[in-house]
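Presented below is the structure to which this report refers.
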Amino acid sequence: MELSLLIPYPSPSPRLLFSPLKPSPLLRLHPSRNPPLVLRHRCCSRRRRISLLRCSADAPSVATSAAADDAKPSAFGARKELSPLQAVVDALSPPARLASSAVLAAAAIAAGYGLGLRLGGTRAAAIGGAAVLGAAGGAVVYALNASVPEVAAVNLHNLVAGCDDPAALNREDVESILKKYGVKKEDEAFRAELCDLYSRFVSSVLPPGGEDLKGNEVETIIKFKAALGIDDPDAANVHMEIGRRIFRERLETGDREADMEQRKAFQKLIYVSNLVFGEASTFLLPWKRLFRVTDSQVDIAIRENAKRLYAFKLQSVGRNIDAKQLIDLRKAQLLYRLSNEIAAEMFREHTRKLIEENISTALEILKSRTKALRGSKVVIEELEKVLALNELLISLSKHAEAAQFAPGVGPISLLGGEYDGDRKIDDLKLLYRAYAAEAFPNGRLDEKKLVALNHLRNIFGLGKREAEAIMLDITSTLYRKRLAKSFNTELAEAPSKAAFLQNLCEELHFDPENASKIHEEIYRQKLQQFVADGELSKEDVESLMSYQVRLCIPQQTVDAAHAEICGRLFEKVVKDAIASGVEGYDAEVRASVRKAAQGLRLKKEDAMAIASKAVRRVFLNYVQRARGAGNRIETAKELKKMIAFNTLVVTELISDIKGESTTLPTEPVSSEPEQNVEEKEEDEWESLQTLRKTRPSKELEAKLGKPGQTEITLKDDLPFRERADLYESYLLFCITGEVTVVPFGAQITTKKDNAEYLLLNQLGGILGLTNKEVVDIHIKFAEQAFTKRAEVILADGQLSKARIEQLAEVQKQVGLPGEYAQKVIKNITTTKMAAAIETAVNRGRIGIQQVRELKEANVDLDSMISVTLRENIFRKTVEEIFSSGTGVFDEHEVYEKIPADLSIDAEKAKGIVQELAKTRLENSLVQAVALLRQRNRDGVVASLNDMLACDTAVPSEPLSWSSPQELDDLYCSYLKSIPKPEKLSRLQYLLGISDEKASMLQDAAAQGALPMGNEEEEEEFAF
């Protein structure tokens, strides 16, 4: 029979073997636990049978229910009966069986011999009969001996089946059977019976698919396997055969629930089998090869079953856990082959569920509407149980034998459990608040409760800020109660109020800063009560003073409270006064302002700050409307409204706040520095007509009455540029007046009044402009007007006497100071002159001589001529020196004076000179030879001088030329010009003429017989 026929084809979806779905559990009865009796099959007639709902070895099936009954067969089946031959063999001992076999064989031979001799009458017949009957007797003897292993197997079966507790089977009983019948375990029949018994036992021990393991299965199977003495390979084959049977049943079943049960049974078989065989399971149990399951699926089966067993073990752990229980848990974990991480997590989950029961009970009572005093005590008791268990686990984690304890022993936490979530955090806060509230017996914090509160916060997983907020709320309430109780008694009589409050904070473990905030809050509440009628009486002030003294409130805190609370009331009065407008600010409104300013007892600075904020908001509205106006006239009208509002409302409002009279104040005596400043600016005020008009005369001041206030301005609300634009806009309106546009685009000034300048002065005060800023604006405005007229007059950039007189008249008209007018004239002429000079430089009409003349005339050429143009002037000047024909090169002039006059870099100028000298040197030699051939002796001498000038700037090596005769002719030509000896000597060096030849030529010149070269040949060649 092929082994492959026994291997079922695996499921097309092997992953479903480990489906986590929980099937409906099946009923199963466990074997009774009776004490073992004498294990002999002859003495088992009155023993009860174990009733286990398992299938037989040939056709196994799962039963749904059973009861322990003597009438039902055991897990190993009924007792087996011996055949007659087996009964004979069973009755014989091994020696008797051997003797009987020998006697039977001998008797058969003898009988055959006698029978053959009798019937055949010959010796041969007798021998033949002996042979025939001897063969038959041998067959009987063989059959008799061959049935011995089967008899031993039947006796082993009856021995095990007759036991009340198969787990109590001893190995000596099995060995006694082997010894009795003289057989070995390797005999096929006996080995088959061992495997069958082991299979039935394992199948009976493993619970059905719907039930969990109890934890003793592995130990029971190992003990029974050792008692049978079955070898590990045979036992492993039994486990694999059971797996095939479960796998086959899963394929044959059509019920989903039954399929799930079979999968769970297969998982339990894998787990138990791996534990039974230990490390040998890796090669004895080929799960992957036979059933096509992965390592991860095997690991999952082991892990899940180990978790179920460990969870069952944890059920015995209660709140009174001790070291012995933890050690037993550790042993169980190692036995179940459960990892430390999973075991630790399961232990923490178990302890978490224990405290969750207490928390649920406490919450149910806490949220009950009928909660009484007893209910509050129960809540605290439940929380105390939680803390007690947590403290016990913390102490056990520090135990000397903690290394032998189950993992996970330590502080408890609700994280990951039922109360881990945002929805439950509020309930935990309620419990924490309830426990914290009980930590203050007699109004003082119990020191022992501090540690308990910290542990409870860690258990609940509350943040530090959340716990502190709860404690702050509780302690704040208690602090207020203690403060209210002792305010007029103990606190009032205490010699040191600060010491009393400090002791109170220490008793409650209350932060003094929070206490100060409560003090401030109490003071603010009292202040709000007192100012409800709009003013503070003398009694109110005294009461507030007592609160300030007893509660040790700093003066700045009191001032801030008054500024905020009283300021809010005063701000409403000021806004109502401002809203009344120019016409509505009457005596009644003024009286309300004075009453609020004095009755609320605000400081002048605070009252002015409030008024300033409200007034500036109105000023900004006027400014916004002025900006949005369509033209200059409408802008000026909006600014006029702002000026009128400032004069008629804001000025009176400030007077009422300060309690001042509306009559004109006397002129204050100015200090000496202020008088000096006024005297310095007097000239500018007098020269500028627009500024002079803004200064009213004494008669006009008396007529206008009190001037507008300048304490509240827009200096900090608007940038200077915007404030200057508004001032300039109104200044332009004062100059032009109201203009009406008539048909054909013409404009007519319909209204112009110098009194507008007085309003302009007040506008400057509202905008927060200083005297200097106002003067600068007027000067800028006059300067712009003068510049436009001056540009027309100085269109060509030339000044004349008539134009100077004309410009003086314009300056007088606009009132521009002389220094500003001269600056404008200079800028115009300089700009025009700069353009003309740049054009002349580009055309080459200005050289170094002209530059020096302009400098002598105090003309700033550096700003008129760019650096590039000045470098070009320098380059042209140097070129002129190298082409002048004089042979003179003044290094001081070229390297220092000229660059200084042109304001260029001296090093850069020197580089330009050297560059030009190198280029010009060779060109001068070529030009001299060309002029020599043209018989232009003067030109030759000039070119040679230029060459010497270049050599002076940049000393050169001797020059080379293709015709030495021409070099001699150049030397002779230069010799005839009677040069200086040093120049002649330098020329000799540059032309490469030897001293002998130079002496010969000089002697010839002295005799008047210098060679003229090949003049005749040149003439002949010319014709």
- Query: When N is the residue count of region 846-1007, what does its C-alpha Rg come to as a fraction of 2.2 N^0.38 Å?
  - Reply: 1.22
- Task: Taking a cut-off of 23 Å between Cα atoms, list the lysines near LYS367, but don't count ones fewer than 8 places away on the same chain.
- Result: LYS353, LYS377, LYS385, LYS424, LYS429
- Note on the structure: Sorting VAL558, SER543, ALA609 by the position of each Cα along the dipole of region 531-619 (Lys, Arg +1; Asp, Glu -1; all at Cβ), the one nearest the positive end of that ordering is ALA609
- Message: Past 23 Å, Cα to Cα: identify those pairs from LYS485/LYS517; LYS214/LYS268; LYS223/LYS324, in the order given.
- Response: LYS223/LYS324
- Note on the structure: In region 846-1007, lysine pairs 8 or more places apart or on different chains with C-alpha atoms under 26 Å apart total 21
- Expressed as a fraction of 2.2 N^0.38 Å, the rule-of-thumb size for a compact globular protein of N residues, what is the C-alpha radius of gyration of region 483-614? 1.30
- Message: I need the semi-axes of the equivalent ellipsoid of region 184-293: take the C-alpha gyration tensor, multiply each eigenvalue by 5, square-root it, list largest first in whole angstrom.
- Response: 24, 15, 14
- Return an integer: the convex hull volume of the alpha-carbon atoms of region 930-1013, in Å³ per residue. 91 Å³
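A short reminder: the numbers here are calculations on the coordinates, not readings from a lab. In this text, all values refer to a predicted model and were calculated from it rather than measured experimentally. Because the Cβ atoms are built from the backbone with ideal geometry, glycine has one as well, and the counts that use them run over all protein chains shown.
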